[in-house]
Every structure is written in structure tokens, then in C-alpha cells.
Amino acid sequence: MAAIVQLKPITDVPDHLRASAEPRDPVFYQNPYAFYDRLQAGEPAFFWEQYGHWCFAGFRDVSALLRDKRFGREILHVATREELGMPAPQPHTAAFDLTEKHSLLNLEPPAHTRLRTLVNRAFVSRHVEQLRPRIVRLANEMIDGFEGQDSIDLIKAFAAPIPAIIIAEMIGLPAESAPQLLAWSNRMVAMYMFGVSHETELDANKASQDFMDFLAASIAERRKQPREDLLSHMLTSDRDGDVLSDEEVMSTAILLLNAGHEATVHTTGNGVKSILESGIDPVTLFSSEAQTAATVEECLRFDAPLHLFTRYALDDLEYEGLQLRKGDVVGLMLGAANRDPRRFANANTFDPFRTDGANVSFGAGIHFCIGAPLARIELQVAFSELFRRLPALRIAEKPRYNDVYHFHGLQKLMVSWR
Ligand code: HEM
């Protein structure tokens with residue numbers, strides 16, 4: 001089950017509530033904001049024809065629905081496959097499905113609460129703040145590596161390695177494994193593409209199996225000889241005698257490794273692009289800790305890395321006049337909510353000095369991003385070190401976004417600095 005899909009077709013939707021945008025159309029995914037602007041002018045709920053389910057683009061609704069306990073990421077705890085018309089699991093994606101089975105992102109309480117409590121401690125601000133000096137060193141090593149070149153792809157040479165190495169080291173895997181982890185992760189993330197092909201499913205399944213085999217070896221080592229790392233912590237941690245199974249540890253490690261870099265890589269690329277395209281003098285953006293933090297928040301708001309998350313209605317219910325049946329899907333459009341003109345003044349303007357408050361890029365409610373404090377530190381360090389070392393940084397080639405609408409990030413970002 002790669003992505004949540006609407007199972008019972010929804011019919012009888014009046015024309016004025018329908019909207020159409022093809023997720024694989026380059027015109028759309030290179031600039032989804034043009035579509036969002038049209039949505040903001042319409043009704044709060046709209047029916048996205050290509051996805052076949054209801055969606056919300058307004059800040060107030062997205063924020064409220066993320067917190068609404070009548071909706072969940074999982075549905076099989078309250079309904080059977082037969083009841084929902086859900087197809088049986090597919091054998092050719094069995095390894096991928098296994099990595100998702102115990103993923104925090106797909107669980108609901110009480111299973112979610114149990115697992116989240118066990119890993120949460122490692123990600124609280126106080127703990128991740130200790131990683132700041134390591135992140136500064138790493139960012140500078142990456143920038144040192146630009147030496148002797150006239151231009152560079154910032155995604156490959158800077159944005160991707162930093163979060164991948166940091167999360168690998170936190171889990172207890174060597175920094176040298178980061179490129180391999182990135183490759184597995186990219187192949188697995190392809191499962192979230194709209195209209196995913198059979199070949200992609202097979203490839204993602206193979207990547208999942210290889211990833212699990214790799215982790216199984218590390219888990220076996222840690223069982224023999226625990227270390228001061230998250231993997232050992234997950235294997236030994238217990239709450240009232242409760243210990244995680246190997247499968248749970250594997251799912252959680254894969255989720256952390258994948259979620260722990262994908263969105264941060266994209267935010268680094270999107271953020272550098274936003275800053276450079278704004279024409280604002282970078283010196284003013286990183287003049288203090290508070291301004292650095294505000295710049296990062298504006299990068300997260302203005303060009304969010306994750307645009308669409310979904311929830312199931314856990315029962316027949318009504319939300320603001322919209323009747324939903326148990327199992328109906330609602331799409332919550334984080335990237336659109338961040339540009340809601342009812343919430344943000346000059347919503348389509350990149351303004352790192354704005355004071356009008358929080359965005360929804362990290363979600364909200366029980367699934368609020370566990371890695372938000374870490375991601376914020378990584379982004380603060382990456383941006384401030386990059387612009388401190390290379391004050392003349394500029395875009396060398398028109399950047400293009402990847403063909404994975406949900407994961408809004410650049411394919412490459414060619415920059416020069418002389
Ligand atoms: C800019 C970077 C990041 C962004 C924008 C981001 C965004 C998000 C969002 C929107 C969700 C909630 C999804 C939902 O409600 O369905 C989420 C959940 C999650 N994120 Fe992040 N994330 C980022 C970085 C990280 C990092 C660095 C880590 C780990 C080290 C991480 C680990 C997780 C985990 C484990 C969850 C699931 C939490 C749960 O279901 O309880 N994320 N993230």
C-alpha cells in the first residue's frame with residue numbers, strides 16, 4: 001500500500017466543486033502555485049479529478065483536519081478490506097509493504113503512541129542541539145569540496161549529503177553508507193509518484209529488500225554489541241517491559257533514514273533558490289540567530305518540500321457541510337495552505353522578515369514531524385554557512401523540479417560563486 005487511495009468512487013460532484021490538474025504534467029509540477037491560486041479563490045473543499053478524492057487547500061482547514069481525530073492515516077483498524085473494496089496485498093511489493101507496516105506515519109493510536117514515545121527522546125530539541133557543531137563541520141567540508149570548480153550541482157554536492165550523513169550517524173550507520181541509503185530511499189520514494197508503473201514497483205520492492213538486508217546485519221551486530229546509537233537504543237529500550245520487535249526496529253529505522261533526509265534535501269535546494277531569486281542581500285538574512293531561524297521558516301513556508309498528505313475518514317461524518325463516508329480520502333495540501341492569502345499577507349512573496357506566524361510544512365497533530373527540531377538546525381546551519389562562505393553565490397542554470405508532485409524538490413541546482 002504505497003499511498004492512500006480513494007477506494008469507493010465518489011460520484012455526483014457538482015461541476016463548480018471539481019478541479020483538474022495532471023500531477024505528472026511538467027507545467028503543473030514545475031509551478032503548482034498557479035493552480036493553488038485558483039483554488040484559494042474557490043470553495044474550501046474541492047474534488048481533484050485526477051486523484052478522485054476531496055482536497056483542502058486553505059490554511060484553516062488543513063491545519064484543523066491534521067488535528068481532527070475523526071481522520072487517520074490507517075483505516076484497516078476500523079474496517080475490513082472487503083468492506084472498503086480494498087484489493088489484497090500484492091506479492092510483488094511485499095518487501096516494500098513490510099517496511100511500511102510498522103511505519104509511524106501509517107499507524108494510529110495506541111500503536112502509534114507506543115512507537116513514537118520510544119523514539120521521540122532522541123529527537124527532542126535539547127538532544128539534537130548537541131549535533132550543531134558536527135553539522136557545521138560537515139557543511140564546511142562539503143563547501144571545501146567545491147574548490148577548483150566553477151559551478152556545482154548544489155543538491156548533489158551539498159544539500160543531499162548533509163542530512164543523509166547526520167541521520168545515518170544518529171542511527172549508528174557509517175557516514176560512508178549515506179550514498180547507498182540515498183539511492184535506496186530515492187527508489188522507494190518513487191512509489192508515491194502518481195500513476196506508478198509496475199517496473200517502478202518492482203524496483204522499489206528490490207530497494208526495500210536490500211535496505212532491510214543491510215539493516216538486519218547491523219541489527220544482529222548491535223544485539224551482540226550495543227553502542228551509543230539509536231539502533232541500539234531501539235533494540236533495548238523498553239517502557240514497562242515493552243520492547244520493539246526486529247520488524248518494528250527495521251520499519252522505524254527506514255522511515256527515519258528516508259524521512260530524515262528527503263524533505264531536508266528539498267528544502268535546502270528550494271530555499272537557496274528562493275533566497276537567490278528574491279534578490280535580498282543574504283547578509284541581512286543571517287545577521288542573527290533569530291533572523292536565521294526566521295529565514296528558514298520562510299523558506300519552509302514559501303516553497304514547501306511536501307505538498308500533499310492524505311487522511312481516511314474513520315467513520316461516516318460531516319466536515320463543514322461536506323458529507324464523507326467511512327474510508328473516504330481527504331487530501332491536505334500543505335504547500336497550498338502555506339500560500340493562503342487569508343492567512344499570510346502577500347502570501348506569494350518571499351519575505352523572511354514577516355511576522356505573521358507558523359506554516360504547516362511539518363504537519364500538525366499526532367503525526368507532526370518528529371524530526372522538525374533536527375531539520376531546523378540542519379537548515380539554519382546549511383544556509384548560513386553556505387552564504388557566509390560564498391557570498392557571491394548565484395544560480396547558473398534554470399532549476400527544474402522533479403517529476404514527483406508530492407515531493408516538491410529540485411532535480412539539480414547549478415550554482416556558481418565567482
Ligand atoms: C524540512 C524537513 C522536513 C519536513 C518539511 C518534514 C515534514 C513532515 C511532515 C509534513 C510530516 C507529517 C506527515 C503527516 O501528517 O501525514 C512528517 C512526519 C515525520 N517526519 Fe518529517 N519532515 C522533515 C524532516 C524530517 C527529519 C530530519 C526527520 C527525522 C530525523 C523526520 C522524520 C519524520 C517522522 C518519523 C515522521 C512521522 C511522525 C509520525 O507519524 O508520528 N522528518 N514530516
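Where a number appears in this text, it was derived from the coordinates with a stated rule and is not lab data. These figures come from a predicted structure and were not determined experimentally. All Cβ positions, glycine included, derive from the backbone under ideal geometry; neighbour counts span all protein chains shown.
Using the beta-carbon distance between HIS16 and ASP203 and R0 = 30 Å, what value does 1/(1 + (r/R0)^6) give for FRET efficiency, to the nearest 0.05? After rounding, the FRET efficiency stands at 0.15. Quarter the surface of the alpha carbon convex hull of the range 15-416 and you get the mean projected area, 20.1 square nanometres. Here the gap between ASP356 and ALA396, fully extended at 0.36 nm per residue and compared with their Cα-Cα distance, gives a gain of 11.1 nm.
Between ASP210 and LYS224, the simple label model (points 7 Å from Cα in the Cβ direction) yields a spacing of 2.5 nm. Inter-label distance, GLU318 to ALA79: 2.0 nm, where each label sits 7 Å from its Cα along the C-beta direction. List the residue ranges in the chain for DSSP H helices whose C-alpha atoms run 30 angstrom or more along the long axis and whose Kyte-Doolittle average is 1.0 or above. Correct list, ordered by number: empty.
Assuming R0 = 22 Å, can you tell me the calculated FRET efficiency for the pair ALA183 and ALA94, based on Cβ-Cβ distance, to the nearest 0.05? The formula returns an efficiency of 0.60 here. Relative intensity of the range 266-418 on a log10 scale, I(q)/I(0) at q = 0.18 Å⁻¹, equals -1.12, per a Debye sum over C-alpha point scatterers of equal strength in the absence of solvent. Rounded to the nearest whole Hz, the Karplus-based 3J(HN,Hα) values (6.51 cos²θ - 1.76 cosθ + 1.60, θ = phi - 60°) of the range 20-29 follow the sequence 10, 7, 7, x, 8, 7, x, 4, 6, 6, with x at glycine and proline. Exposed loop sites were defined as chymotrypsin sites (Phe, Trp or Tyr not before Pro) in DSSP loop states (anything but H, G, I, E or B) carrying at most 13 other C-beta atoms within 10 Å; in the chain the longest segment without such a site runs 1-352.
Positive-end ranking of PHE344, GLN130, SER251 along the dipole of the chain, with charges on Cβ about the Cα centre, is headed by GLN130.
For TYR319, the residues whose modelled amide H falls within less than 5 Å of its own, excluding neighbours fewer than 5 places apart on the same chain, are LEU324. Under 5 Å between amide hydrogens, built in the peptide plane, is the criterion, and for LYS412 it picks out ARG400 among residues at least 5 positions away or on other chains.
Counting only DSSP H runs of at least 4 residues, each contributing -39500 (n - 2.57), and dividing by the residue count of the chain, the helix-based mean residue ellipticity at 222 nm comes to -13500 deg cm²/dmol. Residue exposure proxy: LYS69, LYS224, ordered by other Cβ atoms within 10 angstrom of their Cβ from fewest to most, comes out as LYS224, LYS69. Estimate the FRET efficiency between GLU277 and ASN120 by the formula 1/(1 + (r/R0)^6), using the beta-carbon distance for r and 51 Å for R0, to the nearest 0.05. Using R0 = 51 Å, I get an efficiency of 0.90. Give me the count of lysine pairs in the range 15-416 whose alpha carbons sit under 24 angstrom apart, restricted to pairs 8 or more positions apart or on different chains. For the range 15-416, qualifying lysine pairs total 11.
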